[in-house]
Amino acid sequence: MSRLHHFFSPPGRETPPARFPFSPPGRETPPVSPRLLAAAALAIAAGCTFSRDIQIKTHQLMRPFAPGAVNGYNVEEHLQRGYIPEVLEYLGEGGGLKSLDAAKGARVLGHALLERGDFKNAKVALARAFNEEGRPQQKADCGWAMAQALYWEGDFGQAAKWCRLTTDVGRTIPDGWTKFLEALDGTKLYAGVEPGASFVVPMKFGGPDLIRVLPRINGIAAGELVLDSGASMSLLTESAAERLGVVPIPGAVAGAQGLHSIEIPIKFGLAKTVTVGDITLENVPFGILQDDALQFQTKTAGAFHPAGVLGVHFMKEFDWKLDYPKRKVAVIRLDQNRTRGSRQQNLFFRRLKPMVRTSLQQEAWFLFLLDTGSEPTMLTRTGVRRSKNTNFESSYPMTLEGIGQSRVSWGKMSNITVGTDRFQIWFKDIVVKEDQGSIEDGIIGSSFLSNFEVELRFSAMTVRLSQPVENYLREREERGQQATSASPLQFPSSQ
């Protein structure tokens, strides 16, 4: 699962959210030890109140976005800050690629294409950079990025080979992760469903505020699985995996570390089939966690024990409409041979996670983790430091309580505005994630997303937001009826 999956208290309560964090293998901050974070945290305010008040407004920036001219000296800095379209424009139409030495140009281009979701062309550039680069660290960066591109494409056998090459030049990648990839060499993942196939299923939402669906795994009802875009791969508990016939791959065990540096093992396996709605996918990979990693006691929902999650490696096979108001999920299968991306792209991949381009305090641009598996929307200390806006109020300490009664002190800030696509939301209070080396500036969770109908298109790599009332009025206009205001509760049912 992704970072922290939090569970909010109902209005009027003073307890802020809880969440369970998962990070993918291949973390690139020292020490470089790819791992899957797998722990739970229940956030409890210590000595302060936490307000859930929000205001939704049209997205407006304080000033036009002007990142400054991208050039050969700052191109890597701009890429690190998430200015991926601007870097690619400089390298392409701006002719910047010709001004860089061969190794640097190929390396920057490969990473930028990987983050855009153009895995095919990213592989060409990264292979060239790996061969050209003489410095071990940069060479290892290119090798690990190449393994990521192949992982996204579902070519686990080649991904494993690049993990081995990357290890040979000095980057630590858990052997159990590589063995998992090697075991699925030649396996056609997510097979059995043609492009264009679609389904609509009800979502469970509320108590906690996380999307849950009811799939069948290997023909057996799996129970509730959280739809978790912040998880780099799908996950099951050990008891669920045993019940559903998902057998761990021998030797494929890696270390998993939680918020509080508690080490737990994570195994890996393959489900023969996963059925959601009326479509059935074949050969679906899962991580397998010990049961208590996904057991939570919340003040709002009581005990919450999901059987697992469907992560972003599963989700990227489809375009999604998350209709929070109507509690429905609509899905269309993608053609994996088509290149992802569009001119309106605001969604990117970074280190096996989906990141959405976001404004903070009406300042552009930041990269927030798009995390349907997190109740709260959060800032990270990294994002706070990056912001040039000085209108932040003070941070107040809070306590987050995790599995085994472990605790960590985080904070909150007040009067924070976060925006993406056409809308921005002002939060009276927002959690500040204290995490060294965060790759994200913040996290877009359910407290933001559930106010909208969300179109998550992995084909165009876009996140699009619309509000229920405006959709209702548009539908009436399309039918030739007079557009008058109406309650969202009067919506026609989904077709």
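The values are calculated or read from the model by the stated rules, or taken from the named source; none is laboratory data. Please read all numbers here as calculations on a predicted model, not as lab measurements. Cβ coordinates were reconstructed from backbone atoms using ideal geometry, including for glycine residues, and neighbour counts include every protein chain displayed. The protein model used for the area step is the full one, side chains on, heavy atoms only, and it has no ligands, DNA or RNA in it. Shrake-Rupley method; radii C 1.70, N 1.55, O 1.52, S 1.80 Å.
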By residue number, the members of segment 391-428 that are modelled with pLDDT of 60 or more, farther than 30 Å from Ile264 by Cβ and among the hydrophobic types (A, V, I, L, M, F, W, C) are Met413, Ile416, Val418, Phe423, Ile425, Trp426, Phe427
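Would you pick out the residues in segment 74-130 that are within 22 Å of Ala364 (Cβ to Cβ) and not in a helix (DSSP H, G or I)? Walk me through it before giving the result.
Start the filter on segment 74-130 by keeping residues that are within 22 Å of Ala364 (Cβ to Cβ), which leaves 74-94, 96, 108, 111-112, 115-117.
If the condition is that a residue be within 22 Å of Ala364 (Cβ to Cβ) and not in a helix (DSSP H, G or I), then Asn74, Arg81, Gly82, Tyr83, Gly92, Glu93, Gly94, Gly117 are the ones that fit.
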Filter result (touching a helix residue (DSSP H, G or I) at 6+ places or on another chain (Cβ under 8 Å) and farther than 19 Å from Tyr151 by Cβ) within segment 333-367:
Gln345, Leu360, Phe366
Any pair with Cβ under 6 angstrom, 6 or more apart, that starts in segment 249-260 at a residue that is within 23 Å of Lys272 (Cβ to Cβ) and of a type in the set (A, V, I, L, M) and ends at one that is at pLDDT below 60 and open to solvent by less than 30 Å² (accessible area, probe 1.4 Å)
none
Mind checking which residues of segment 140-165 are open to solvent by 40 Å² or more (accessible area, probe 1.4 Å) and either part of a helix (DSSP H, G or I) or among the hydroxyl-bearing types (Ser, Thr, Tyr) (or both)?
Glu153, Gln158, Lys161, Arg164, Leu165
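Conditions tested, residue by residue: (1) in contact with a Ser or Thr (Cβ under 6 Å, 6 or more places away or on another chain); (2) free of Cβ contacts under 8 Å to residues at least 24 places away in the same chain; (3) polar (S, T, N, Q).
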position	(1), (2), (3)
Ala122	no, no, no
Arg128	no, no, no
Gly134	no, no, no
Gly143	yes, no, no
Trp162	no, yes, no
Ala183	no, no, no
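Show me the strands (runs of 3 or more DSSP E) entirely contained within segment 166-264 in which 2 or more residues are open to solvent by less than 50 Å² (accessible area, probe 1.4 Å), within 24 Å of Lys353 (Cα to Cα) and in contact with a Lys or Arg (Cβ under 7 Å, 6 or more places away or on another chain). Write out each step before concluding.
On the way: elements: 198-202, 225-227, 235-237, 248-257.
So the answer is 225-227, 248-257.
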